[in-house]
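Report on the structure given below.
Please treat every number below as a calculation from the coordinates, not as lab data. Source: prediction; values computed, not measured. Don't worry about glycine lacking a Cβ; one is built from the backbone with ideal geometry, like all the others, and counts go over all protein chains shown.
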Amino acid sequence: MKEFLQGIEQKSRNAPSDVVVMKFGGTSVENAAAIRRVAQIVRSRLGSRPVVVVSALSKVTDRLLLMGKAAANGDLETAMQVLQELRQRHQEVALDLVHGADHERVQQSLTLDFEIVSELIRGIAAVGEFSPRTQDSLLGFGECLSSKIASAAFIENGLNVALVDAHDCIVTDTAHTQATPLWDQTNEHLARLLTPLLEAGQIPLLGGFIGATCDGIPTTLGRGGSDFSAAIVGAGLNAERIEIWTDVDGIMTSDPNVCPDALRIERMSFAEAAELAYFGAKVLHPATLLPAMRQNIPVYVLNSRNPDCEGTEIVAQCNGATRVKAITVKRGVAVVDVEAVRRMEPELLREICEMLGRHQCTFDLVSASWSSASLLVGSTLGLPAVAAELKGLASVRWENHKALVCLVGDKIRRPEIAGHVFKAISHVDARMIGQGASERNISFLVDESIADESVRVLHQLFFSSDVAARAASKALCQASEAWR
């Protein structure tokens with residue numbers, strides 16, 4: 001981390017400051033019509049110096065993952081059928097967007113990529129294994145394919161685009177499927193590869209989500225990592241702003257599928273957005289904000305289907321009255337109850353947490369008493385092994401199908417707000433009530449079956465009138481000079 005921060009500070013002294021990094025998610029590039037819209041949005045930013053980051057076409061990463069798993073399980077027929085579907089889809093999108101000699105060039109490149117994917121799938125089937133390293137190699141093709149099609153389409157639309165291979169820009173460690181950038185090397189590569197293009201008036205375009213080790217072995221930044229890619233590029237180039245283009249008007253006061261009257265939040269702080277991402281909001285990848293926070297680069301969440309909407313601006317500080325900014329839900333969690341044979345000594349609690357980590361049971365909250373502890377985990381697969389290891393020291397039992405409801409807002413950890421919350425849900429069987437390690441969240445655990453009802457009740461409480469809700473979303477926001 002220290003090297004990352006030092007590298008960014010060194011880069012910021014020389015990097016261009018009028019760069020805007022524009023990331024377009026899978027739904028923003030899902031078909032030919034969507035890619036044409038994206039080209040027009042990029043054209044509208046030519047007053048700055050845009051850098052474009054694109055995800056794979058919508059659902060392509062899921063299909064690639066299905067293909068790899070099918071091949072590893074011996075179902076080569078299904079894998080090859082999915083491959084053919086993906087080949088046809090990409091070829092049709094390219095045919096709609098690019099014509100003449102450029103179309104022939106793009107189709108040849110796509111054909112070569114799909115031949116490589118075909119050989120990779122056959123190799124997976126032959127060994128019967130889909131390792132993390134192989135998964136990174138396979139899943140990265142989604143971004144490579146979409147970036148080739150998008151760049152050719154942009155050029156056909158008169159944009160001076162330069163296609164850049166993200167594998168050459170984002171240098172990572174070897175933690176396949178969840179790689180972490182090596183910041184000094186990444187910043188150096190970004191400066192060497194992208195800055196000359198920007199100075200020549202070109203628009204660099206690269207795929208998100210992907211990187212490579214120092215030895216050139218493909219890696220990925222984890223699902224949703226295209227957001228992270230955009231923030232990495234933005235920080236490395238000392239961008240003026242980072243834009244995350246998706247299919248919603250911005251960050252909402254709640255999930256519109258749960259609360260149809262959910263409202264767009266016009267401005268919020270980095271800290272609030274990070275809390276929302278951590279506690280289940282799907283608009284931003286949780287890692288996106290770290291590079292932007294350090295460089296104090298504002299992040300905008302915008303809608304490629306409604307580009308005139310101002311979206312949500314995320315800045316360093318929002319100075320306003322204490323209020324709930326949004327309500328979110330983290331679903332699919334389980335509560336683990338550990339009852340110690342004697343008492344819950346600090347050493348035992350630490351050992352329990354270490355065991356959960358060893359067995360890939362990540363946990364969110366811990367509540368402890370004299371003889372027991374309750375923890376929230378995202379997966380129960382490793383819990384039988386944890387229970388076996390603790391035999392003689394503690395008994396372990398767990399309940400699935402739980403949901404963590406979380407209210408987020410700067411400085412909401414106030415008695416009056418908590419009082420309103422728990423009065424409104426007094427009829428609900430809520431557990432593990434907490435007000436967070438920060439002053440930005442209040443959370444409680446409920447059965448997954450009543451999570452939506454709880455959210456709607458609270459949303460009605462805090463955003464019941466359009467006037468009040470809009471006032472809540474317009475808290476005075478001002479970016480500070482530096483993130484401390």
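Mean separation of Cα pairs under 8 Å and 6+ residues apart, divided by the residue count of the range 249-300: what relative contact order is that in percent? All intermediate terms of the calculation are to be shown ahead of the outcome.
Details: 31 pairs, mean separation 12.6, N = 52.
Answer for the range 249-300 is 24 percent.
Which percent of the Cα-Cα distances in the chain go past 34 Å?
Working: 48525 of 116886 pairs.
Result: 42 percent of Cα pairs exceed 34 Å.
Counting each pair of different Cα atoms once, what's the Kirkwood radius of the range 155-279 in Å, rounded to one decimal?
Numbers: mean 1/r = 0.0611 Å⁻¹.
The answer is 16.4 Å.
Rg/Rh for the range 326-473: what does it come to with C-alpha atoms and Rh from Kirkwood? Can you show the working numbers first?
Values: Rg = 17.2 Å, Rh = 16.5 Å.
That ratio equals 1.04.
As an exercise, identify the GluC sites (Glu not before Pro) in the range 87-128 lying in DSSP coil whose Cβ has no more than 12 other Cβ atoms within 10 Å. Can you show the working numbers first?
On the way: sites: Glu92, Glu104, Glu115, Glu119; in loops: none.
Those that pass, being in a loop and sparsely packed, number zero.
Calculate the dipole size of the chain relative to its Cα centre from +1 charges on Lys and Arg beta carbons and -1 charges on Asp and Glu beta carbons; express the result in debye to the nearest 20.
Numbers: 47 positive and 58 negative charges, 205 e Å.
Rounded to the nearest 20 debye, it is 980 debye.
Along the charge dipole of the chain, which of Cys406, Val455, His420 sits closest to the positive end, that is, farthest toward it, with unit charges on the beta carbon of Lys, Arg, Asp and Glu (+1, +1, -1, -1)?
The one lying farthest along the dipole's positive direction is His420.
Could you list Thr213, Thr362 so that the one with the fewest beta carbons within 10 Å of its beta carbon is first and the one with the most is last? Each step should come with its number before you reach the end.
Working: Thr213 19, Thr362 11.
Fewest-to-most ranking of Thr213, Thr362: Thr362, Thr213.
For the range 210-315, what are the per-bin percents of Cα-Cα distances with bins 10 Å wide, up to the bin holding the maximum?
Using 10 Å bins, I get a P(r) of 15, 46, 29, 8, 1, 0 for the range 210-315.
Quick one: of Lys59/Lys423; Lys282/Lys423; Lys69/Lys282; Lys23/Lys423; Lys69/Lys325, which pairs are farther than 31 Å apart, Cα to Cα?
Working: Lys59/Lys423 41 Å; Lys282/Lys423 28 Å; Lys69/Lys282 25 Å; Lys23/Lys423 42 Å; Lys69/Lys325 40 Å.
From the list (Lys59/Lys423; Lys282/Lys423; Lys69/Lys282; Lys23/Lys423; Lys69/Lys325), the Cα-Cα distance tops 31 Å for Lys59/Lys423; Lys23/Lys423; Lys69/Lys325.
Starting from the Cα gyration tensor of the range 2-247, take the square roots of the eigenvalues, sort them a ≥ b ≥ c, and report rounded, prolate or oblate (rounded when a/c is under 1.5, otherwise prolate if a/b is larger than b/c, else oblate). Don't skip to the answer; put the middle values down first.
Working: a/c = 2.21, a/b = 1.28, b/c = 1.73.
It is oblate, given that a/c is not under 1.5 and a/b is not larger than b/c.
Between the range 116-188 and the range 32-107, what's the alpha-carbon centroid distance in Å?
What the calculation gives is 13 Å, centre to centre.
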